[in-house]
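In what follows, a structure is listed as structure tokens, so that the remarks can point back to it.
No lab work stands behind these numbers, since they all come straight from the coordinates. Small disclaimer: the values here were computed from a predicted structure and weren't measured. Virtual Cβ from ideal backbone geometry, glycine too; neighbours counted across all protein chains shown.
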Amino acid sequence: MKYYSLQQQAPIVTFDEAVIRGIAPDRGLYFPEDIPQLPASFWGDIEHLSHEEIAFTAMKPFVGDTIDDNALREIVADVLSFDFPIVPIENNVATLELFHGPTMAFKDVGARFMARCLGYFLKKRKQTEEVTVLVATSGDTGGAVARGFYKVPGIKVVILYPAGKVSKIQEKQLTTLGHNITAFEVKGTFDDCQAMVKRAFLDTDITNKRQLTSANSINVARWLPQSLYYLFAYKALKKLGKPLVFSVPSGNFGNICAGMVAHFMGMPVQQFVASVNSNTTIPRYMASGVYAPITTVPTISNAMDVSDPSNFVRVLQLFENERNILSKKFTSYSYCDQATRAAMHTLYTKHNYIADPHGAVGYLGLKAYLKDHTEAHGIFLETAHPVKFLPAVEPVVGAFKELPEQIASLMDKEKVALHAGNYMDLKTYLMDV
Ligand SMILES: *Cc1c(COP(=O)(O)O)cnc(C)c1O
């Protein structure tokens with residue numbers, strides 16, 4: 001498999017090159033030259049395949065011969081060492097829980113897969129120069145990336161997060177690991193963190209001195225393995241014999257776009273619903289055809305506070321860059337915080353289910369779609385454990401009596417973070433270390 005830049009102004013590369021670079025030299029996102037079709041025997045037999053077997057079969061064509069088969073099998077087995085349960089909520093509605101990994105956010109799978117691929121490539125190339133993964137986070141990305149890359153030889157991770165704007169638990173996940181993980185507490189907003197990262201990537205003083213890469217869903221190794229969630233859901237639900245609808249709480253649209261990749265590989269899906277918060281660029285685009293991002297609105301589902309989703313160009317590419325073609329498989333709905341809280345309340349009081357704010361937005365979008373499509377079976381993705389968003393969840397469902405093991409073990413660890421008041425603080429650090 002080869003990858004080309006969606007800006008069309010950069011050389012075509014293999015998977016390893018795309019992973020190491022992150023973004024193409026022309027600043028375009030890498031995209032596979034074609035979406036591989038999985039054989040009829042795979043779809044016919046999927047309910048009898050293990051998660052590892054499914055993952056190996058689905059990832060192999062994307063990876064090509066850049067990773068040998070045994071190594072790829074080991075990587076996927078290691079990455080997928082936790083559960084992906086489907087929890088029934090009501091008639092024809094279930095949730096796919098993606099938060100049983102080490103940092104309790106769905107980003108664990110992509111971050112772990114990318115970390116292991118990158119580690120493998122550096123070793124294979126006998127590269128002695130260290131690679132620095134530089135990433136800005138509004139909360140969940142940083143924790144998953146830190147944990148995924150922790151102690152991977154040859155890789156240093158630098159994470160920027162906005163001071164006072166991530167939850168206490170998220171901050172612990174970023175700042176307590178040490179070793180090859182460094183956290184910068186930035187005086188400012190997530191956008192300020194993002195701006196510093198972008199500037200560093202363009203700063204030749206830094207890039208002449210160290211190899212930088214990013215670990216957000218722009219990177220193909222973080223983006224593509226997310227298609228596995230949908231394959232696992234299909235494995236479990238195929239026996240119902242009903243059309244499936246996925247509602248995905250969406251921010252940068254990497255997750256939902258990976259689901260669409262699974263569909264183009266041959267998996268039957270009736271509709272994808274992108275459920276978003278008050279950042280409404282995509283539902284407005286679907287209604288009007290005008291792509292017009294405005295200032296980002298802060299919400300209680302803050303991992304989706306994105307007004308210009310980076311992966312939407314990939315979504316469009318899958319559908320021939322035609323909104324009319326896209327709309328046959330894709331719907332997008334938005335919900336404000338008040339509606340989100342009400343959904344969390346309903347899920348708790350009527351269905352005894354504690355959803356996090358992102359999952360609750362997904363539930364709302366699913367219900368809206370199913371209203372006119374009663375024949376379908378709907379799945380909304382639960383992208384984070386509710387404990388990661390306590391300030392939004394506890395007022396609705398009451399205090400949590402105990403913390404999950406992954407979180408409890410962090411709480412006594414000491415926070416270690418550097419401070420960045422401005423870009424020069426980051427630059428000085430990257431030039432010196
Ligand atoms: C990152 C994140 C999202 C958004 O996922 P995208 O792939 O960026 O659309 C949704 N929910 C949670 C909890 C997240 O951390």
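The table below gives the values:
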| quantity | calculated |
| --- | --- |
| Inter-label distance for Gln8 and Asp69, nm, one decimal - labels placed 7 Å from Cα along Cα-to-Cβ | 3.9 nm |
| Neighbour-limited loop hits for GluC sites (Glu not before Pro), segment 77-142 (at most 11 other Cβ within 10 Å; DSSP other than H, G, I, E, B) | Glu129 |
| Aspartates and glutamates with Cα under 18 Å of Lys172, excluding same-chain neighbours fewer than 8 positions away | Asp108, Asp140, Glu185, Glu402, Glu405, Asp412, Glu414 |
| Cα pair count fraction exceeding 32 Å, expressed as % - the chain | 33 percent |
| Sequence-distant residues sharing a close amide H with Ser247 (under 5 Å, placed H) | Val273, Ile379, Phe380, Leu381 |
| Charge dipole (debye, nearest 20) of segment 311-373; +1 at Cβ of Lys and Arg, -1 at Cβ of Asp and Glu | 120 debye |
| Those trypsin sites (Lys or Arg not before Pro) in segment 359-433 that DSSP places in a loop and that have at most 11 other beta carbons within 10 Å | Lys401 |
| Estimated inter-spin distance, Leu240 and Lys328, nm [label 7 Å along Cα→Cβ] | 2.4 nm |
| Alpha-carbon radius of gyration plus Dmax, which is the widest Cα pair, for segment 293-349 in Å | 14.8, 43 |
| Cα pair count fraction exceeding 15 Å, expressed as % - segment 109-169 | 50 percent |
| Expected-Rg normalisation [2.2 N^0.38 Å, Cα atoms] applied to segment 307-433 | 1.47 |
| Alpha-carbon gyration tensor eigenvalues x 5, square-rooted, for segment 65-153, Å | 29, 17, 9 |
| 5 angstrom amide H check on Leu160, placed H, neighbours 5+ away | Val135, Ala136, Thr137, Phe184 |
| Over 21 Å between alpha carbons, listed pairs Lys239/Lys371; Lys60/Lys124; Lys2/Lys107; Lys156/Lys415; Lys329/Lys371; Lys235/Lys388 | Lys239/Lys371; Lys2/Lys107; Lys235/Lys388 |
| Anchor Lys427: aspartates and glutamates whose Cα lies under 12 Å away (excluding residues fewer than 8 positions away in-chain) | Asp203, Asp205 |
| Cα shape, segment 174-226, gyration tensor, a/c 1.5 rule | rounded |
| Cα pair distances of segment 103-238 binned at 10 Å [whole percent] | 12, 41, 34, 11, 2, 0 |
